[in-house]
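To start, the structure under review is shown below, and the notes come after it.
Please treat every number below as a calculation from the coordinates, not as lab data. Note that this is a predicted model, so its numbers are computed, not measured. Every residue, glycine among them, receives a Cβ derived from its backbone with ideal geometry; neighbour counts consider all protein chains shown.
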Amino acid sequence: MAEAAGADGIDDVLVQMAACQERLCYRFKDQDLLRAALTHASGAEHRLASNERLEFLGDAILGAIVCELLFQQYPDYLEGDLTKIKSIVVSRQTCARISEALGLEKFLILGKGMTTHPSVPSSLLADVFESLIAAVYLDGGSETAKQFVIRYIGPEIEAAVEGDTGGNYKSLLQQLAQREHGTTPTYQLLDEKGPDHSKCFKICAQVGRRRYQAAWGRNKKEAEQRAARNALSQLNQEAPPFPSD
């Protein structure tokens, strides 16, 4: 957590902003947008210089992008089903969890009173994620913002659709990779077999340059979940549960 910067703290804030951009895998053309997104009202010279307006915009952008993704990806779902999934994916809890996984609390610009707290309230973590979405949108445009949201929200959509909060290994691997390595996992299709109506897929998870043991699945989503679980096991120095042969 950074205090509101005076003359002596400007360099520290610039260093933090550079580290934040590395963590987000996005570099801002307009650095003032990033600073505004990271600035809580307690650390701003006045309320208009805080991230409150960006949060307002980011909340709307996040909702619109998630609605479009759900509409396109799940054409057989009724309105009620889509609404239920959306409410989970764009919830304050989800946004706060993503911020925590990214370690964004380290980059927040807070007032002196807030920096004495032992931990950052989850409401602030949710706010900063929504503010960053708006900042990316204003800095890079709608398509850039969409890709930014997909990177962090994609696994959350899958978890909500599957009704699986504890066993979504792709989401768990993404949080670990972002927190420990500052990167997002990718998944490589290595092989497939079987007739068209009953194919199996072999997929491996990759974090940075390291590939982890592949896994087979009855569809790509299942194979990716199993590959993510293999990767988590290997990262924890455990034997991967799913064979690659």
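What to note about this one:
- Rounded D (µm²/s) - the chain, Kirkwood Rh over Cα pairs, Stokes-Einstein at 37 °C, 0.692 mPa s: 171 µm²/s
- Descending semi-axes in whole angstrom, ellipsoid equivalent of the stretch 101-245, from the Cα gyration tensor: 34, 18, 13
- Between 0 and 90°, nearest 10: helix 10-24 axis offset from the chain longest Cα axis: 20 degrees
- Between the helical axis of 52-73 and the longest alpha-carbon principal axis of the chain there is an angle of about 10 degrees.
- In this rough spin-label picture, where each label sits 7 Å from Cα along the Cβ direction, the D32-S122 distance is 3.6 nm.
- Rounded to 10°, Cα long-axis angle of helix 169-181 versus longest principal axis of the chain: 50 degrees
- Placing dummy labels 7 Å off each Cα toward the beta-carbon, the span from T183 to K199 is 2.7 nm.
- Taking 31 Å as the limit for the C-alpha separation, the pairs K86/K106; K146/K193; K146/K202 exceed it in the case of K146/K193.
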